[in-house]
Amino acid sequence: MTRSLFKGNFWSADILSTIGYDNIIQHLNNGRKNCKEFEDFLKERAAIEERYGKDLLSLSRKKPCGQSEINTLKRALEVFKQQVDNVAQCHIQLAQSLREEAKKMEEFREKQKLQRKKTELVMDAIHKQKSLQFKKTMDAKKNYEQKCRDKDEAEQAVNRSANLVNPKQQEKLFVKLATSKTAVEDSDKAYMLHISTLDKVREEWQSEHIKACEAFEAQECERINFFRNALWLHVNQLSQQCVTSDEMYEQVRKSLEMCSIQKDIEYFVNQRKTGQIPPAPIMYENFYSSQKNAVPAGKATGPNLARRGPPPIPKSSPDDPDYSLVNDYSLFYQ
């Protein structure tokens, strides 16, 4: 910076006032609090990223996802599961990076705290010294003013005793006047000495106040720059996570582009085909037909396929009442 703004804008006409210094300290405390809040934010975000990464990893490795698929679509699904696994690992790594950034913020806060402590100790001491010297000076002033009033009263008493005939009383009044004059001179010297000391203390305090303003302004510039860069880096990390995830998902898209519907259909047919000849038509069969080679209903035609044999030869004679012929049909009674 070309000029300091703190040292030119935080004064007060009251010599005992520390309002300007107090405002600066309050602002620095707020800045330190803001850094702590961002540090906590990074830690919370890291916990979220880690939890998400682990959950995604568990989902990728334990949850079935098209496990019975075949051929090109199966390979695409394998790429998909692998890339989801990779994305999960990236989120876990991002969580670690965020914790490292939070640690840097903590270290920065502590460094500035130690630097400020040195300046604050000097300023606290000079403020106490200034207040104490001011009190001594004011006490010396009161004493000096009281001695002056005492001398004035003594002089008035001497003037009033000019017509007194008692020399002893007059002598006492003159002694008191002389004593009061001496007391005024002594108190005046003490008062002037305290004034001189107070001015030296004031100049020392003013010099230290300027130094403190410059140091605190430099710290605040450093803090704002550090905070800004930390936030910038955090956003870049999140953007990079999105880019990395998209690159991984792009691998899945490329794998899906290689997926062939025709190849997968042909692959399934070749692996699980059962034959190329469909069943023969179902032929009509008359119940009374005497054709021996008739194909039973629902059975395939072809040589040696008939299962019904010739009618049984009766064991009894044709005259047996259990066996009879009607035209060319045989009737069996059960």
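General remarks:
- Checked against the criteria, Glu49 does not count as among the acidic types (Asp, Glu), over 29 Å from the mean Cα position of the chain (by Cα) and farther than 30 Å from Arg202 by Cα.
- Residues satisfying the stated conditions in the range 1-39, i.e. in a helix (DSSP H, G or I), touching a His at 6+ places or on another chain (Cβ under 9 Å) and not hydrophobic (A, V, I, L, M, F, W, C): Gly20, Tyr21
- In the set Glu50, Glu69, only one residue is free of Cβ contacts under 8 Å to residues at least 40 places away in the same chain and either of a type outside the set (Ser, Thr, Tyr) or out of contact with any strand residue (DSSP E or B) (no Cβ under 6 Å at 6 or more places or on another chain) (or both); that residue is Glu69.
- Within the range 115-139, the set of residues being of a type in the set (D, E, K, R) and open to solvent by less than 40 Å² (accessible area, probe 1.4 Å) comprises Arg116, Glu120, Lys130.
- If you check Lys142, Lys111 for being within 30 Å of Trp232 (Cα to Cα), open to solvent by 50 Å² or more (accessible area, probe 1.4 Å) and of a type in the set (Lys, Arg), only one passes: Lys111.
- Scanning the range 146-161 for residues being open to solvent by 70 Å² or more (accessible area, probe 1.4 Å) and more than 15 Å from Lys181 (Cβ to Cβ) gives a total of 1.
- Of everything listed in (1) assigned to a loop (DSSP other than H, G, I, E, B); (2) exposed (fewer than 10 other Cβ atoms within 10 Å of the Cβ); (3) of a type outside the set (Asp, Glu); (4) at pLDDT below 90, the single unmet condition for Leu331 is (1).
- Matching residues in the range 1-36 - criterion: being of a type in the set (Gly, Ala, Ser) and more than 25 Å from the chain's Cα centre (by Cα): Ser4, Gly8, Ser12, Ala13, Ser17, Gly20
- Options Lys104, Lys151, Lys181, Lys141: the member that is in contact with a Phe, Trp or Tyr (Cβ under 8 Å, 6 or more places away or on another chain), touching a residue at least 12 places away in the same chain (Cβ under 8 Å) and of a type outside the set (A, V, I, L, M): Lys141
- Here is the figure for the range 85-105: residues that are of a type in the set (Gly, Ala, Ser) and open to solvent by 20 Å² or more (accessible area, probe 1.4 Å) total 1.
- Considering Ser207, Ser245, Ser239, the condition of being hydroxyl-bearing (Ser, Thr, Tyr), out of contact with any Phe, Trp or Tyr (no Cβ under 6 Å at 6 or more places or on another chain), in a helix (DSSP H, G or I) and more than 24 Å from Glu100 (Cβ to Cβ) is satisfied by Ser207 alone.
- Scoring Pro279 on the criteria (1) over 22 Å from Ser68 (Cβ atoms); (2) within 45 Å of the chain's Cα centre (by Cα) leaves a single failure, condition (2).
Listed here are the residues, each with its yes/no results for (1) in contact (Cβ under 8 Å) with a residue 24 or more places away in the chain; (2) open to solvent by 70 Å² or more (accessible area, probe 1.4 Å); (3) small (Gly, Ala, Ser).
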| position | (1), (2), (3) |
| --- | --- |
| Glu217 | yes, no, no |
| Glu220 | yes, no, no |
| Cys242 | no, yes, no |
| Tyr249 | yes, yes, no |
| Ser255 | yes, no, yes |
| Asp264 | yes, no, no |
| Gln271 | yes, yes, no |
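- Candidate set from the range 72-84 (those that are touching an Asp or Glu at 6+ places or on another chain (Cβ under 7 Å) and touching a residue at least 40 places away in the same chain (Cβ under 8 Å)); member that is least open to solvent (accessible area, probe 1.4 Å): Thr72
- Residues (surrounded by fewer than 13 Cβ atoms within 10 Å (Cβ to Cβ) and modelled with pLDDT of 85 or more) located in the range 162-177: Val175
- The residues of the range 1-55 that are open to solvent by 90 Å² or more (accessible area, probe 1.4 Å) and within 18 Å of Thr119 (Cα to Cα), listed by number, are Trp11, Ile19, Gln26.
- Scan the range 183-215 for residues that are surrounded by 18 or more Cβ atoms within 10 Å (Cβ to Cβ) and of a type in the set (Val, Ile, Thr) and the total you get is 2.
- Test for Val122: is it in contact (Cβ under 8 Å) with a residue 60 or more places away in the chain, among the β-branched types (Val, Ile, Thr) and within 30 Å of Asp55 (Cβ to Cβ): no
The values are calculated or read from the model by the stated rules, or taken from the named source; none is laboratory data. Just so you know, these numbers come straight off a predicted model, no measurement behind them. Cβ: placed from backbone, ideal geometry, glycine included. Neighbour counts: every protein chain shown. Protein only, heavy atoms only, side chains kept; ligands, DNA and RNA dropped before computing areas. Shrake-Rupley method; radii C 1.70, N 1.55, O 1.52, S 1.80 Å.
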